[in-house]
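*Asks:* I have a structure I would like to understand better, so I am pasting it below and will then ask my questions one at a time.
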Amino acid sequence: MGTAKRDALAELLVDVDAAEPVVVFCRFKADLANVHEVARTLKRPSCELSGTRNDIGAVWAPEPGAVAAVQIASGGMGIDLTAARYGVYYSLGFSYGEYMQSRARLRRPGQTRTVFFYQLLAMAGGGETVDHDVMAAIGRKEATVEGVLERMRGRQRA
């Protein structure tokens with residue numbers, strides 16, 4: 001993949017108002033480092049929430065334009081990231097629960113603005129990468145959960 005994702009993140013951040021804080025969810029330490037590198041290149045402050053570092057605390061109060069590199073397994077529960085209205089998925093695992101929890105960190109009580117999420121999907125050798133497989137798996141899990149919930153609601157109405 002080379003620098004495709006890093007370049008895509010940089011392009012996305014250039015298009016976001018320089019005063020807007022952004023949360024970038026990652027799975028791997030190398031991806032967190034890439035997020036910091038992109039932020040540094042664009043002269044945006046960056047911070048991190050991971051298994052080894054917590055610059056955020058329970059409620060994120062960022063500097064204008066800050067980029068939070070959040071390891072998705074660490075930034076799922078109990079963290080308020082409503083200061084941001086932009087969330088970016090740099091890399092994901094196959095956990096639907098972690099994915100939904102991460103989304104709920106930006107979309108929760110206290111959020112007063114519309115929230116936008118972006119998924120960076122890399123292409124390699126002219127074809128799809130594991131990123132596409134991960135998103136497809138998460139989509140299938142979401143469909144399964146929604147199907148079960150719909151059946152339960154139908155039983156409750158009966």
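*Asks:* Would you point out which residue out of Ala61, Ala33 is modelled with pLDDT of 95 or more and at negative phi?
*Replies:* One residue alone meets the criteria, Ala33.
*Asks:* If you check Ala84 against the conditions, is it in a loop (DSSP other than H, G, I, E, B) and buried (at least 22 other Cβ atoms within 10 Å of the Cβ)?
*Replies:* Yes; evaluated as a whole, the condition is true for this residue.
*Asks:* Residues that are in contact with a helix residue (DSSP H, G or I) (Cβ under 7 Å, 6 or more places away or on another chain) and touching a residue at least 24 places away in the same chain (Cβ under 8 Å): does the range 52-64 have at least one?
*Replies:* Checked against the condition, which is being in contact with a helix residue (DSSP H, G or I) (Cβ under 7 Å, 6 or more places away or on another chain) and touching a residue at least 24 places away in the same chain (Cβ under 8 Å), the range 52-64 yields no hits at all.
*Asks:* For the range 102-117, which residues satisfy the criterion of being within 10 Å of the chain's Cα centre (by Cα) and of a type outside the set (A, V, I, L, M, F, W, C)?
*Replies:* Of everything in the range 102-117, those that are within 10 Å of the chain's Cα centre (by Cα) and of a type outside the set (A, V, I, L, M, F, W, C) turn out to be Ser102, Arg103, Arg105.
*Asks:* Let me ask something else. Scan (1) in contact with a His (Cβ under 8 Å, 6 or more places away or on another chain); (2) at pLDDT below 95 for the single condition Ala69 breaks and write down its number.
*Replies:* So the condition that Ala69 fails would be (2).
*Asks:* In the range 70-81, what residues are outside any loop (DSSP other than H, G, I, E, B) and in contact (Cβ under 8 Å) with a residue 40 or more places away in the chain?
*Replies:* Hits for the range 70-81 are Val70, Gln71.
*Asks:* Pull out all pairs, ordered by first then second residue, where Cβ-Cβ is under 8 Å, the residues are six or more apart or on different chains, the first lies in the range 29-46 and is touching a residue at least 40 places away in the same chain (Cβ under 8 Å), and the second is assigned to a helix (DSSP H, G or I).
*Replies:* So the pair list comes out as Asp31/Lys5; Asn34/Lys5; Asn34/Arg6; Asn34/Leu9; Val35/Leu9.
*Asks:* Here's another thing I want to ask about it. Counting only residues that are over 23 Å from Ser95 (Cα atoms) and out of contact with any Phe, Trp or Tyr (no Cβ under 8 Å at 6 or more places or on another chain), how many does the range 7-45 have?
*Replies:* 20
*Asks:* If you take the residues of the range 16-69 that are among the charged types (D, E, K, R) and part of a helix (DSSP H, G or I), which of them is surrounded by the fewest Cβ atoms within 10 Å (Cβ to Cβ)?
*Replies:* For the range 16-69, the residue satisfying everything is Arg40.
*Asks:* Moving to a separate point now. Do you know which residues across the range 78-101 are of a type in the set (D, E, K, R) and within 13 Å of the chain's Cα centre (by Cα)?
*Replies:* Arg85, Glu98
*Asks:* Among Arg44, Arg107, which is the only one that is touching a strand residue (DSSP E or B) at 6+ places or on another chain (Cβ under 8 Å), basic (Lys, Arg) and on the phi < 0 side of the Ramachandran plot?
*Replies:* Answer to the check: Arg44.
*Asks:* While we're looking at this one, here's another question. If I filter the range 90-121 down to residues being out of contact with any Gly (no Cβ under 9 Å at 6 or more places or on another chain) and among the hydrophobic types (A, V, I, L, M, F, W, C), which single residue comes out as modelled with the highest pLDDT?
*Replies:* Residue satisfying both the conditions and the ranking: Leu120.
The values are calculated or read from the model by the stated rules, or taken from the named source; none is laboratory data. Computed from a predicted model, the values in this text were never measured in an experiment. Don't worry about glycine lacking a Cβ; one is built from the backbone with ideal geometry, like all the others, and counts go over all protein chains shown.
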